[in-house]
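Asks: Just dropping this structure here.
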Amino acid sequence: FTPTGARWPLLLFDSHCQVNTITLQEIDTKEAQRNPPYNDWLSLRSYPAFGWYHVQLGEFQKAKTFFQSARDRWFKNGDPYYIAEWKLEFAIPHYYAGEFKEARELFRDAAGLNAGRFVVFEAKLSRALTMLARTEEKLGNFDAARQAHEQSVATVQPIRPGSGMYRIERADALCQYGSFLLRQNEPAEARLAFQEAIQLREATATATHPDYAVALLGLADVAAYQDELTTARLHAQKAIEVLETALVPTHPRFAPALVTGISIYYLAGEDDKAEAMLPRLESILGSALGPEWDPFAAAIKHYIGILESEGQGDAAARLKELAERELRVRRETAGI
């Protein structure tokens, strides 16, 4: 196997949602014909997409193998930007494969290399810090996780008042921080983080993006945690509407949103509406969720706790059954 000759397809969607395929070999060949000096640069830019192709399928070992095979290309000119980029991308499949200690070292290196550059790419640094925070939380290092989240949010400040740059990245960092705060039983602080994320998305005309739904679901989770079920339902319904506009109906990103909607209906005593949504959730599950496993599992855990505290053991057991079934699929697909 040689990276340049790889035949793994990259799936692209045109404006009519038709699938087009392109391979790394085709990218290299076309770019070499047009502008030979930039052949390596374009290949480097295409590599993350090919690695993510396997991550999305839950094939984390294949993703690691792919990035490992590309290491020499990223390291050969010694540019810290490319080295940091490789470490960040290579850490991702380690994280999703549950190899948190290995992922932590890679995320730390990526953050350090980005922070040490003369010209700092704040968005890249913020992403590395957020993933480092998530990894520290998985390892039970909650103080370190909090610190990394706070650094991530602080990194992506608007360059000047009214500037749009980094507002979207800040919104994404705030959503991750808000979820962490809620898991630490700090709902008031979590609500503030999600509210700012929503404001930033609306201010940048990106309220139709699936990541806007993440902030809405965060507010729904906070409201459900505080027994504000009417508010929780409104946020969850709006989040699902955003996803339905932006994604195909079976996209894995619907999984945590549907868990939220189903759970809120159970909590409100509307079991018939909850049961009516279950078949749609089950149609999405059964195939690996890839990166969406984390928000799905977090939603399941969050609402199982609330349902059990409200004496709804049967509903909680139903969610547990779905999670255990999906976990088996995930392990089979990923080989973990």
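The values are calculated or read from the model by the stated rules, or taken from the named source; none is laboratory data. Here the structure is a predicted model, which is why all the values come from computation and not from measurement. Reconstructed Cβ throughout: ideal geometry from the backbone, glycine too, with neighbour counts over all protein chains shown. The area values use the complete protein model at the heavy-atom level, side chains included, leaving out ligands, DNA and RNA. Shrake-Rupley method; radii C 1.70, N 1.55, O 1.52, S 1.80 Å.
Asks: Give me the residue from the stretch 218-254 that is among the aliphatic types (A, V, I, L, M) and touching a residue at least 40 places away in the same chain (Cβ under 8 Å) and, out of that set, surrounded by the most Cβ atoms within 10 Å (Cβ to Cβ).
Replies: Here the residue is A220.
Asks: Okay, next question. Taking the conditions exactly as written (open to solvent by less than 10 Å² (accessible area, probe 1.4 Å) and at pLDDT below 85), does L10 satisfy them or not?
Replies: On the way: open to solvent by less than 10 Å² (accessible area, probe 1.4 Å): no; at pLDDT below 85: yes.
No.
Asks: Being in a loop (DSSP other than H, G, I, E, B) and of a type in the set (D, E, K, R) is the filter here, so list the residues in the stretch 230-267 that pass it. Even if it seems obvious, please write down each step before you answer.
Replies: Taking the stretch 230-267 as the starting set, the residues that turn out to be in a loop (DSSP other than H, G, I, E, B) are 247-253.
The answer is R253, and nothing else.
Asks: What's the number of the only condition in (1) surrounded by fewer than 16 Cβ atoms within 10 Å (Cβ to Cβ); (2) within 17 Å of the chain's Cα centre (by Cα) that Q184 fails to meet?
Replies: (2)
Asks: Of all residues in the stretch 190-208, how many are open to solvent by less than 40 Å² (accessible area, probe 1.4 Å) and either more than 20 Å from G305 (Cα to Cα) or not in a helix (DSSP H, G or I) (or both)?
Replies: The total comes to 9.
Asks: Where residues in the stretch 303-333 are in contact (Cβ under 8 Å) with a residue 40 or more places away in the chain and in a loop (DSSP other than H, G, I, E, B), which of them is surrounded by the most Cβ atoms within 10 Å (Cβ to Cβ)?
Replies: Q312
Asks: Looking at (1) touching a Lys or Arg at 6+ places or on another chain (Cβ under 7 Å); (2) under 23 Å from H251 (Cα atoms), which one does T204 not meet, given that it meets all the others?
Replies: Among (1) touching a Lys or Arg at 6+ places or on another chain (Cβ under 7 Å); (2) under 23 Å from H251 (Cα atoms), T204 violates only (2).
Asks: Same structure, new question: Can you find a residue in the stretch 170-189 that is in a helix (DSSP H, G or I), among the hydroxyl-bearing types (S, T, Y) and at pLDDT 95 or above? Show your work before the answer.
Replies: Of all residues in the stretch 170-189, those in a helix (DSSP H, G or I) come to 170-183, 187-189.
When the remaining residues are screened for being among the hydroxyl-bearing types (S, T, Y), the result is 177, 179.
Still in the list and also at pLDDT 95 or above: 177, 179.
Yes - at least one qualifying residue is present in the stretch 170-189.
Asks: Answer yes if at least one residue in the stretch 297-309 is among the basic types (K, R) and closer than 23 Å to T208 by Cβ, and no otherwise.
Replies: Looking for residues that are among the basic types (K, R) and closer than 23 Å to T208 by Cβ, one finds none in the stretch 297-309, hence no.
Asks: While we're looking at this one, here's another question. Can you tell me which residues in the stretch 279-302 are surrounded by 14 or more Cβ atoms within 10 Å (Cβ to Cβ) and more than 18 Å from the chain's Cα centre (by Cα)?
Replies: R280, L281
Asks: Moving to a separate point now. Among the residues of the stretch 147-168, are any more than 30 Å from E202 (Cβ to Cβ) and either at pLDDT 90 or above or of a type in the set (G, A, S) (or both)? Break it down stepwise before answering.
Replies: So in the stretch 147-168, the residues more than 30 Å from E202 (Cβ to Cβ) come out as none.
Checking the stretch 147-168: not a single residue is more than 30 Å from E202 (Cβ to Cβ) and either at pLDDT 90 or above or of a type in the set (G, A, S) (or both).
Asks: Quick one: what pairs do we get from the stretch 268-280, first residue at pLDDT below 95, second open to solvent by 80 Å² or more (accessible area, probe 1.4 Å) and of a type outside the set (G, A, S), C-beta under 6 Å, 6+ apart or different chains?
Replies: Correct list of pairs: empty, since none qualify.
Asks: Cβ-Cβ distance below 6 Å, separation of 6 or more or different chains: which pairs start in the stretch 120-142 with a residue that is closer than 15 Å to C175 by Cα and end on one that is open to solvent by 40 Å² or more (accessible area, probe 1.4 Å) and of a type in the set (S, T, N, Q)?
Replies: L129/Q151; T130/Q176
Asks: Could you please give the count of residues in the stretch 231-274 that are more than 20 Å from the chain's Cα centre (by Cα), closer than 14 Å to H302 by Cβ and of a type in the set (V, I, T)? Working first, answer last.
Replies: Looking only at the stretch 231-274, we keep the residues that are more than 20 Å from the chain's Cα centre (by Cα), and these are 231-234, 237, 262-274.
In the following step, the residues that additionally are closer than 14 Å to H302 by Cβ were identified as 232, 262-264, 266-267.
Then keep just the ones that are of a type in the set (V, I, T); that gives 262, 264.
Going through the stretch 231-274 one residue at a time, the tally reaches 2.
Asks: What helices (runs of 4 or more DSSP H) lie completely within the stretch 86-157 and have 3 or more residues being open to solvent by less than 20 Å² (accessible area, probe 1.4 Å) and farther than 19 Å from G51 by Cβ? Please lay out each step first, then the result.
Replies: Details: elements: 100-115, 122-138, 142-155.
Of the helices (runs of 4 or more DSSP H) lying wholly inside the stretch 86-157, those with at least 3 residues that are open to solvent by less than 20 Å² (accessible area, probe 1.4 Å) and farther than 19 Å from G51 by Cβ span 122-138, 142-155.
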